[in-house]
Structure formats: C-alpha cells, structure tokens
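Read through the structure below, which is laid out as structure tokens, and then see the notes.
The values are calculated or read from the model by the stated rules, or taken from the named source; none is laboratory data. Not measured: the values here are computed from a predicted model. All Cβ positions, glycine included, derive from the backbone under ideal geometry; neighbour counts span all protein chains shown.
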Amino acid sequence: MALKTSFLCVLALFFCGSIHAAPASAAKNHAGQRPIAGGQWSQDHYSSLTQIDRDNVSKLSIAWKFDTGEGGEGIETNPLVVGHVMYAYTASQKVIAVNATNGKLIWKFDSGVLANQPARGVAYWSDGSQQLLLCGIMNYLYELNAATGKPVARFGEAGRIDLRKGLGGDYRKQSIVLTSPGIVYKDLIIVGGRNPETPPAPPGDIRAFDIHTGQLAWDFHTIPRPGEPGYETWPTGAWRSAGAANNWAGMTLDERRGIVYVPTGSAVPDFYGGARVGDDRFADCLLALNAATGKLIWSFQGVHHDLWDRDFPAPPVLLRVKRDGKWIDAVAQTTKQGFVFLFDRETGKPLFPIEERPVPATNVPGEVSAKTQPFPLSPAPYARQTLTSSDLTNRTPAAHAYALSQFNQFIRSTGQFYPLSVGRETIVAPGFDGGGEWGGPGVDRRSGVIYINANNVVDTGGLAINDRTAELGLRIYRTQCALCHRDNRAGSPPEYPSLVGIRDKLPASLIIQTIHTGKGRMPSFPNIEGSALTALFNYLNTANDAADFVADGKELRHDAIPDHTSRAGNPAVDARGKEVYAKQCAICHGDHLEGIPPSFPSLEGVGGRMTAQQITAIVHTGRGRMPAFNASRIPQTDMSSLLRFLNASTINTIEVSNDAQVPALDEMNRYRFTGYHKFQDQDGYPAVSPPWGTLNAIDLNTGKYLWTVPLGFYPELAANGMGNTGTENYGGPIVTASGLVIIGATVFDNRIRAFDSRTGRLLWDWTLPFAAAATPTTYMIDGKQYVVIASGGSKFKHTNDGFYIAFSLP
C-alpha cells in the first residue's frame, strides 16, 4: 500500500529495521546440523557427530567469532543451524542469521520492540519449499522468512501474534514473555510463556497457533475451568483470578506419537497459597498433551500446592531405558529439588517408584499446606537436601564463624517441603535456583545415561504480614517489588539489584520503561499505572529527577504538562487524544499502538523511552522522512491530549489517596515473601561446604550414579589454592557419540569445557571473553565439525558486549 506520513514514523529509524548481506541458505536437515533448539524435539542435547573425540578435543581452537555489539545480562540462546546458516538472538532480542562457517552476518531483524528478557532459541519450520522461523520477542511471537529475516505478513497481525491477547481482561495490562522457543508440530506452533511471580498474573495457558495464519488452533487451561479435569483441586471459580501455572521452561515433542510434553511452574503468589487452597493442578506438573488437539493424555504433579517456587525448570528429555531386558520409551524430568522423575512416555507410569511422604505442616494462619509430597526413590538427589552445622563452609575460620552465626538464626528445615514462616527465615536446600536449572540435561541416547549440571548452594526465605494501612506506594512496593528487591530495597546483588538511591542511578523515564517492559529476570508490570505508579515513585523517591523537568535550559511548569501516569485521566481529554492518534498515527502504528514492524515500530510504552519534550520537538520539527506538523495542524490542546493518550508526558510528584488503583490486598496478598536471600559468608561466597556446582552422570537403566565432578571455580579462590570448588551454573551440556560432554554454564570462570562421558575426566577447556550462560551447539558443514556457544555474561556479571564463538579442529 502507498506510504502515508505519520508524525511518529521517524521512530522507525530509531528502533527497527533489518540488515541484509546475503540470502540465507537452507538445506535438508541431517545429522551434521541442528535445526531444533536442544538438538532435536527430544531435547536430549545429543549429537551423532564423531569428528571431535576424546583423543583430539584438546586441539580445539577458535574457528570464528561473531560480535553482537550488545552487552547486558547475558545471551542464553542455544543457536539453531540449518544448512550453512546459524540463527540466534542478541542480548536485546534482535534475531540474527550468521554464516555458520565463518561468522559473517547474513541478516539481522530488529522488531522495534524494546526487549531485554532472556531468549533461549528460535523454532524452525519448512515444507521443503519455504523456510520459516518462529521467534519470541517479549510478548510477541514473530514469524520470519528464514532467507531474508522479514516478517511473514499473513501470520497473525502483520507477521506477529501478541501473546497477551486471549488470556482474559485488558490484554494491555497483561505480562507474558516468550523466553523459550515453541514446539513445531506439523503446521502448528505450540507455546507457553513466562508470567509474573506476583498477582495479578495471567493464566499459564498452553496454546497452539496455525503456522500459516497465526489463528488459534487449541488452548489448554493449566488453571482448569468448570467441567475440566483438575477443577476440583482449586477453590471454586479460581480460574477467574488465579494466575501463572505457566510453561516458561520449554517443551518436548514425541513427533511419532504426536505427544507434546509440557512442564509447568507454580501458581501465584509463589510463597503463600491462602487464596488457592488445594493441590492446584496443573501447576508444577508434567503434562502429556495431544499435540494436534491439546487434549490431556496424562499428567504428573511434582509439587502439590507449591509454596517454594519449585517450577519444573527445563524441558523433559526423551530417551530409551531397559527394563527386564526390554527397551522402553521414556521421558525424564529434572527438577529444582535435585530429583529425576522417569515415566513411560505413553502412559505416564513411573519407571522408578515414587512415594507420597508426609511433610511438615505450615504454621502460617490462612495457609493450608499439602499433607504429602512425591519423592522418587531412585535415582538419589543430585543436590543437597538438608543443611546441618557440619555442612558449613571452612573456607576460612572467619567465614565459618560468620556462617555459623547466621545459621543459628534460621529455621532449620529437615528436608524438602518445609513451609516458610512469618518473622523468621527458613533454610531452603537446594536454593531457589536449584538443583537443576533451565539449561536442562543431556542424554546419550544409545546408553540411557543422563548428564545433569546442578547448583548445590542454599538460600533462605520467609514471609511477612502486609500492612493494609500502609501508604499506597509502600503497599505497591511490598506486593510487587519486595519479592526480589527485599523489604528494605537492598535487593540481593548481583542477581537482584539494590533500589536504595535509585534516583541517583536512573532517570525517571528509564525506571518507567523498566517497570512496564521488565528487564532480565524481572517481568513487566503494565498494570502499575496512573496514581498507583506515581505513588510507587514517591515511595522510591525518584520522581523529582531534575533531568525530566528541563527543556531549553528552563524548568518546565508542572501544571502545564499532562499527567504522564494517568491513562484514564479526564475521559474527554483521553477521547480527544485517541481521535488525534487515530487520524495521524494509526495508519502506520496500529489501532492499539502495536505498530507494523519492522517498518513502523510499536509505540507501546513510548512514554518510557522518550519524554514529552522529545516527542513534541519531533512533531514540530520533523525528522528523516517525517514532515513537520506545526500548531495549525496539531494545536497545543490536541498535542496535550495526544501526549496523555500516548502516556508520554513528564512524571510529577503528587500526593494520592489510598483508594487509588492498586492490586487488591485481598487474601492473595495477605502475606508477602521477604525476598530471595542466598546463604553466603561475609565475603559473598556460599556459606556451605563445596562442591557448589556439579556435573553428574546417572545411568537411568539402573538409577545409579556413574560419576560426579565439581563444575566451575572462582578465579580469585583458585589463585589462593582453593580451586575446583564448583560454582552456580546456568546453561546445559551437549553429548556426542564420540564420548564427550561439552558444557559452558559456569558463570564466574568464563569457561567452556569438554569431559570424558565415561569417567568425568576433564579433557579440554577454554577461557571465553564472558560467561557462557547458554547451551552450546555442535554441527558439521562441508566435512568440518564445529562447536559454537554464546558468550555474553550472566545475571551475576553484566557485560558491554556479547559474542558467538565457534571452535573446530585445525
């Protein structure tokens, strides 16, 4: 269609566009390529390649390096290789196609969406004549032409689906992010999403969309509705207000049987369930669904009425094991608790016994904890289950004394599923980050041996009563922010930064942007708006940032600027702003500010990216292909209305009444979690004895461990003679037919390593520029085998750059 000018089209020059260097080369998939994140839909991370083996792996060196030009909290992408092309993400979720033999950029897709959440891979579909990529970018699912990187217009709305839609309520106030790639089955793309940890949160529906049109094909409700299985395990009508029970970890497909295996997480709020009394099926479940229809085949719940945020953290893996001399097709699920559950793929029958054991009861008024929880009798857990004084660190006498003094203040759990208490912290072992984590395990599909990297540290957590009489900003902070940043705003750095003195660190506009779009592990909070947002700013003491009140060297009169924080505001003014937007902007940017990327970016949250003064200046003077719009075309009154509609004017510090809109402090918010606290010594190292991270080989035919080795080290401790302690690790291993287990994941030493899969002996390692918090990929092109991994830092250490680095033999 003919291009019509829009006064905000200039934003397209800032936030979107594709870079093209050459067309992508597509080829039929074979053993030397990885057309699926995880290696194949079985998620076993297995490769049949053998060129790189035990004898020559020590000779690996860098074949090529691709610089993404972006830093941040890490790149968690497991690259996908088809033909001669590698598809991956940058830290800001730009999709890239790179020549997999030399690291040269082919194209880059920039959606224009402000993106800063993890992106762990893309999905691929081909019918032989066309090749498509299905890519999650924040709350959108994009379909791209794999050869050009351009959106496929017929899919959804101009090449994308807004996953917030169809979950009930005002979709613009929903928060959902697609952090793990969907599953492609025939002509369907099946997805879940990452939801907030606090209410309000949308339900964790599992949805399938038509590859060609983007139309919804089926929808499985993880929070059951009347007449659906599991409805009786929730309070009556819970589906109307309960949230999450979502799949953020990714899925697994048995393509021959047409079964998709979906692990889910906890319901919100994570740590208090007074408003969701019951077992809360299908939260914390492994679901086996008919991939064509979404109908339930079987399910297993790993945690009843979860009070510990024990989400299933990774896709299950498909493998074959022997029982009574016969091969059985099985599915294995790893957990944060350090358990491995093993089931018959078709029936869900456990292949190792699972025992429902009595567990301690809660002492929190209003809470009703589950009486029993499931424990697999084999294999033994791969992470510590309890903590005693004899397990404390002996790194130095001072560290031990400090750890002991802290230990004596905590409630000491006697194992898994010890409920948190009010007013005193409880030991949680393993910690909230596992055990197993999102990287998932690898499997030698020939032998049935599973390789699991695990965290082996301890956290503490507790509950506090929410004061319903507290001022509004404090109430909002406690219900929405304290979960991670703690009651005192001190956070738990570096994972959860301190918000003390935030006004001196960030401008108000960037804080708004972060609240409304999220960042890293932080979900978005679009529901915090209007006077509630202003109250939160008042509490954080950030609203007086002078930088936001200055234009042309003069201080702006606050009363001359529309209230940026009020979307409702004056209905007449808002209505006029909507009319102006519809006339001037909607032709390019959509009726709901959603845009038509890459040509016309989304304007959702533009007020968090640009000040009222900046937008007004662009309107009046024009820029690029956008003409100027003088006062005769957009009078000042219309400009003010438009700014209010766009939610784009300056924050004012104002007093608000306690009846302003805020998430309801009902039974769901009766208590709050006091924050994630790692049990550390006075120097910031784990306050427990090593190993703090491990790599484990378990024979799932027998449930017996073959070997366990520490994984990772702290360079400064190693320099003083304390090496090989193991560390926290994020990202999974790959397993090769030539007897190798290759893994990055260690977030403090920046290494990638290769181990002998039979013995656990270290055969090779390489120091990367930054931590590799990702799963590697191996592939073969033109007779040469490569291993590639993302090196972009982690939540523990942010970077100013990020790379994909490929290794090969000389």
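For region 376-396, filtering for residues that are closer than 26 Å to V303 by Cα, hydrophobic (A, V, I, L, M, F, W, C) and crowded, with 17+ Cβ neighbours inside 10 Å leaves 2. From the list I512, I596, the one residue that fits, being surrounded by 17 or more Cβ atoms within 10 Å (Cβ to Cβ), at pLDDT below 80 and more than 30 Å from T198 (Cα to Cα), is I596.
Here T213 fits the description: polar (S, T, N, Q) and either in contact with a Lys or Arg (Cβ under 9 Å, 6 or more places away or on another chain) or surrounded by 24 or more Cβ atoms within 10 Å (Cβ to Cβ) (or both).
Screening the candidates A88, A22, A12, A2 for the property of being at pLDDT below 50 and in contact with a Ser or Thr (Cβ under 8 Å, 6 or more places away or on another chain) yields one hit, A12. Looking at region 757-779, is at least one residue in contact with a Pro (Cβ under 6 Å, 6 or more places away or on another chain) and either over 30 Å from C484 (Cα atoms) or buried (at least 24 other Cβ atoms within 10 Å of the Cβ) (or both)? Yes, some residue in region 757-779 is in contact with a Pro (Cβ under 6 Å, 6 or more places away or on another chain) and either over 30 Å from C484 (Cα atoms) or buried (at least 24 other Cβ atoms within 10 Å of the Cβ) (or both). Among the residues of region 253-288, the ones that are buried (at least 24 other Cβ atoms within 10 Å of the Cβ) and within 17 Å of the chain's Cα centre (by Cα) come to 8 in all.
Matching residues to (1) aromatic (F, W, Y); (2) under 17 Å from V82 (Cβ atoms); (3) surrounded by fewer than 24 Cβ atoms within 10 Å (Cβ to Cβ); (4) in contact with a His (Cβ under 6 Å, 6 or more places away or on another chain):
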{"position": "G136", "(1), (2), (3), (4)": "no, no, no, no"}
{"position": "L144", "(1), (2), (3), (4)": "no, yes, no, no"}
{"position": "R164", "(1), (2), (3), (4)": "no, no, yes, no"}
{"position": "D170", "(1), (2), (3), (4)": "no, no, yes, no"}
{"position": "V184", "(1), (2), (3), (4)": "no, yes, yes, no"}
{"position": "I189", "(1), (2), (3), (4)": "no, yes, no, no"}
{"position": "E197", "(1), (2), (3), (4)": "no, no, yes, no"}
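When P263 is tested against (1) within 23 Å of D666 (Cα to Cα); (2) touching a strand residue (DSSP E or B) at 6+ places or on another chain (Cβ under 9 Å), only condition (1) is not met.
Among the residues of this structure, P627 does not count as one that is modelled with pLDDT under 75, farther than 30 Å from A470 by Cβ, of a type outside the set (A, V, I, L, M, F, W, C) and in contact with a Gly (Cβ under 8 Å, 6 or more places away or on another chain). Looking only at residues in region 53-74 that are small (G, A, S) and part of a strand (DSSP E or B), the one that is surrounded by the fewest Cβ atoms within 10 Å (Cβ to Cβ) is S61. In region 296-411, counting only strands (runs of 3 or more DSSP E) that sit wholly within it, the ones holding 3 or more residues that are of a type outside the set (A, V, I, L, M) and at pLDDT 95 or above span 296-301, 326-334, 340-344, 354-358, 372-376. Here P199 fulfils each of the conditions (1) touching a strand residue (DSSP E or B) at 6+ places or on another chain (Cβ under 7 Å); (2) at pLDDT below 95 apart from (1).
Within region 412-436, restricting attention to residues that are hydroxyl-bearing (S, T, Y) and assigned to a loop (DSSP other than H, G, I, E, B), which residue is surrounded by the fewest Cβ atoms within 10 Å (Cβ to Cβ)? Working first, answer last.
Let us first name the residues in region 412-436 that are hydroxyl-bearing (S, T, Y), namely 413-414, 418, 421, 426.
If we keep only those that are assigned to a loop (DSSP other than H, G, I, E, B) as well, we get 413-414, 418, 421.
Numbers: S413: 20, T414: 13, Y418: 21, S421: 15.
The extreme case among them is T414.
Taking first residues from region 412-423 that are over 15 Å from F673 (Cα atoms) and touching a residue at least 60 places away in the same chain (Cβ under 8 Å) and partners that are outside any loop (DSSP other than H, G, I, E, B) and of a type in the set (F, W, Y), the Cβ contacts under 8 Å between residues at least 6 apart in sequence or on separate chains come to Q416/F375.
Being more than 16 Å from the chain's Cα centre (by Cα), within 15 Å of G265 (Cβ to Cβ) and touching a residue at least 12 places away in the same chain (Cβ under 8 Å), is that true of even one residue in region 181-202? Explain how you work it out, then say what you get.
So the first thing to find is which residues in region 181-202 are more than 16 Å from the chain's Cα centre (by Cα), and the list is 183-190, 199-200.
Still in the running and within 15 Å of G265 (Cβ to Cβ): 199.
Those still in the list that are touching a residue at least 12 places away in the same chain (Cβ under 8 Å) too: 199.
Yes.
On inspection, I427 qualifies as touching a Lys or Arg at 6+ places or on another chain (Cβ under 6 Å) and touching a residue at least 24 places away in the same chain (Cβ under 8 Å). Among the residues of region 159-200, write down those that are of a type in the set (S, T, N, Q) and more than 27 Å from D127 (Cβ to Cβ). Scanning region 159-200 gives Q174, S175, T179, N195, T198. Of T746, T736, all but one fail to be modelled with pLDDT of 95 or more and within 15 Å of P441 (Cβ to Cβ); the exception is T736.
Within region 294-307, residues that are under 20 Å from I183 (Cβ atoms) sit with their Cβ atoms under 9 Å from residues that are in a loop (DSSP other than H, G, I, E, B) and aromatic (F, W, Y), at 6+ positions apart or across chains, in these pairs: L296/F282; S299/F282.
Starting from residues that are under 27 Å from the mean Cα position of the chain (by Cα) and among the aromatic types (F, W, Y), keep the ones in region 204-243 and report whichever is nearest to L163 (Cα to Cα). Talk me through it step by step, then tell me what you get.
Of the residues in region 204-243, the ones under 27 Å from the mean Cα position of the chain (by Cα) are 204-225, 230, 234, 238-243.
Adding the requirement that they be among the aromatic types (F, W, Y) leaves 209, 218, 220, 234, 239.
Values: F209: 11, W218: 14, F220: 14, W234: 25, W239: 18 Å.
This residue is F209.
Given the options R503, R521, name the one that is modelled with pLDDT under 75, under 20 Å from the mean Cα position of the chain (by Cα) and among the basic types (K, R). Talk me through it step by step, then tell me what you get.
Working: R503 fails: under 20 Å from the mean Cα position of the chain (by Cα).
Going through R503, R521 in turn, the sole match is R521.
Of all residue pairs spaced 6 or more apart or on separate chains, those with beta-carbon atoms under 8 Å, a first member in region 256-278 that is acidic (D, E) and a second member that is assigned to a loop (DSSP other than H, G, I, E, B) and crowded, with 24+ Cβ neighbours inside 10 Å are D270/T198; D270/D306; D270/L307. Within region 466-478, residues that are without any contact (Cβ under 8 Å) to a residue 60 or more places away in the chain sit with their Cβ atoms under 9 Å from residues that are surrounded by 15 or more Cβ atoms within 10 Å (Cβ to Cβ) and of a type in the set (A, V, I, L, M, F, W, C), at 6+ positions apart or across chains, in these pairs: D467/L474.
Residue-level analysis places P226 among those that are out of contact with any Lys or Arg (no Cβ under 7 Å at 6 or more places or on another chain) and in a loop (DSSP other than H, G, I, E, B).
Residues of region 146-184 that are in a strand (DSSP E or B) and touching a Pro at 6+ places or on another chain (Cβ under 8 Å): P151, R160, V177.
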